[in-house]
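One structure below.
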Amino acid sequence: MSQSFDAPTVIRIKRDGGELSDEAIDWVIDAYTRGQMADAQMSALLMAIFLRGMTSAEIARWTAAMVASGDRLDFSDLRRDGKPLALVDKHSTGGVGDKITIPLVPVVMACGGAVPQAAGRGLGHTGGTLDKLESIPGFTAEISTAQVRQQLCDLGAAIFAAGDLAPADRKIYALRDVTATTESLPLIASSVMSKKIAEGTRALVLDTKVGSGAFLKTETEARELARTMVDLGTAAGLKTRALLTDMSTPLGRAVGNAVEVEESLEVLAGGGPPDVVELTVALAAEMLDAGGLDGVDPAEALRDGSAMDRFRALVAAQGGDPAAPLPLGAHSEAVTAPRGGTMGTIDAMAVGLAVWRLGAGRSAPGERVQSGAGLLIHRRPGEPVAAGEALFTLYTDTPERFAGALAELDDAWSVGDKPPSDRPLIIDRMMPG
Ligand code: URA
């Protein structure tokens, strides 16, 4: 690297609304990954990016530098029955009760796809697939690349911690989680796409969330995020597309870690909440289409049990015991209905924060999450409510957390006389171009 930089100068440029050069971005990502830029300095730069934004050229370079910070996997040599694997993955921009990856991956496996899923941990008020799956006794996402390759060939999926992929994102992601810098379009787009470009998938479906429980609240911002990510993926040679989906209400009836795995098992058994099933099937259809797998019905894989079989095989391959009981917080507290009527809207952001306060997420880097922390929603919007019945049950191992969690829920729901107006779950679909 010919030009030399220093962190205060780079931070000052962004703080004052300037554009970072390619060389400055390469230097920052490299220095931070190698531990030569302090967390405090990266935190200041992230806040400056949060407040000032980035141009598309800066986002593209920041993403490329994060990809270059680690290994880039390549599975193009893998074959099943003599044919290249249909490598396809999905990533969500983060939601509340968003357990979709857990039933989705086995559906796509059952339909002939191969999913190399580099998954993440919880971020802010949103849950992470790894934190949820690690509530299954024995399950590990710390698997070698050799094991990922073997599983892709033999089973059709591997769900792994990003590890040496985009290590810059791993460090920045953990820092964003505890510095209130998550809700930033350039930082979300580069975080998602650096992992997905590095993980070796050939096709990618992005579930871009919009609404109170999403990082970006407005449809305009979410569309811009989806477009930015689709363009980044396409430029990197991935067949990329996005769905824009509603995240104003939590998905399903379970929010937390093990409780979301439990609900995913219901979906895999052919039941489960209709919104979770609808989104699982819609995303699976997009993945199969993007992966070139025509003529297969993803809903059938839920009905005939083949997705459940794949899930069990995947969990067992990664050390988990699919038959072991899942943990549930030792203490519970119910929120009851003050009157009878109809359940109104339930604010996804408030529920996400309540569950985070129960111990399902982190407030310091590397903190252990509680597998049994979570919340069950007994009455979804529009369902009838009887006075005095439980609307929500909260679970944690540390009962001193209830007060904060209950306070988050205070203005998050209502019981009224009329059902709230219906919102479509799937708002739009965005293709390259
Ligand atoms: N998922 C990611 O991987 N990164 C983000 O910033 C948000 C969601």
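Structure summary
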read-out	value
Test: residue in region 179-192 that is modelled with pLDDT of 95 or more, farther than 25 Å from Glu286 by Cα and touching a strand residue (DSSP E or B) at 6+ places or on another chain (Cβ under 8 Å)	no
Selection from region 198-222 of residues that are closer than 21 Å to Thr280 by Cα and part of a helix (DSSP H, G or I)	Ala222
Subset of region 394-413 (residues that are touching a strand residue (DSSP E or B) at 6+ places or on another chain (Cβ under 9 Å) and surrounded by fewer than 17 Cβ atoms within 10 Å (Cβ to Cβ))	Asp397, Thr398, Pro399, Leu406
Residue identified as of a type in the set (A, V, I, L, M) and closer than 26 Å to Pro250 by Cβ among Val88, Val67, Val107	Val107
Extreme residue, nearest to the ligand (Cβ to nearest atom), among residues of region 96-155 that are part of a strand (DSSP E or B) and among the hydrophobic types (A, V, I, L, M, F, W, C)	Leu123
Which numbered condition Gly53 fails, given (1) in contact (Cβ under 8 Å) with a residue 60 or more places away in the chain; (2) assigned by TED's automatic domain parsing to the domain that holds Leu133	(2)
Tally of residues being touching a Ser or Thr at 6+ places or on another chain (Cβ under 7 Å), farther than 16 Å from Val259 by Cα and not assigned by TED's automatic domain parsing to the domain that holds Asn257 across region 316-371	6
Tally of residues being in contact with a strand residue (DSSP E or B) (Cβ under 8 Å, 6 or more places away or on another chain), within 16 Å of the ligand (Cβ to nearest atom) and outside any strand (DSSP E or B) across region 69-95	4
Residue check for Pro424: surrounded by fewer than 14 Cβ atoms within 10 Å (Cβ to Cβ) and not in a strand (DSSP E or B)	yes
Qualifying residues in region 163-176 (those that are out of contact with any Phe, Trp or Tyr (no Cβ under 8 Å at 6 or more places or on another chain) and more than 9 Å from the ligand (Cβ to nearest atom)) - the one modelled with the lowest pLDDT	Gly163
Per-region count, region 336-375, residues crowded, with 20+ Cβ neighbours inside 10 Å and part of a strand (DSSP E or B)	4
Filter result for the condition that a residue is within 17 Å of the chain's Cα centre (by Cα), closer than 30 Å to Ala324 by Cβ and among the small types (Gly, Ala, Ser), over Gly128, Gly211, Gly138	Gly128
Qualifying positions in region 5-41 - assigned to a helix (DSSP H, G or I) and touching a Lys or Arg at 6+ places or on another chain (Cβ under 8 Å)	Lys14, Arg15, Asp22, Ile25, Asp26, Tyr32, Thr33
Listing of helices (runs of 4 or more DSSP H) fully contained in region 241-308 that carry 2 or more residues being in contact (Cβ under 8 Å) with a residue 40 or more places away in the chain and not hydrophobic (A, V, I, L, M, F, W, C)	258-268, 274-290
Close pairs from region 185-211: first farther than 21 Å from Asp289 by Cα and more than 10 Å from the ligand (Cβ to nearest atom), partner of a type in the set (Gly, Ala, Ser) and part of a strand (DSSP E or B), Cβ under 9 Å, at least 6 apart	Ala198/Ala118
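The values are calculated or read from the model by the stated rules, or taken from the named source; none is laboratory data. Keep in mind that this is a model prediction, so the values were computed, not measured. Here the Cβ is made from the backbone with ideal geometry for all residues, glycine too, and neighbour counts use every protein chain on show.
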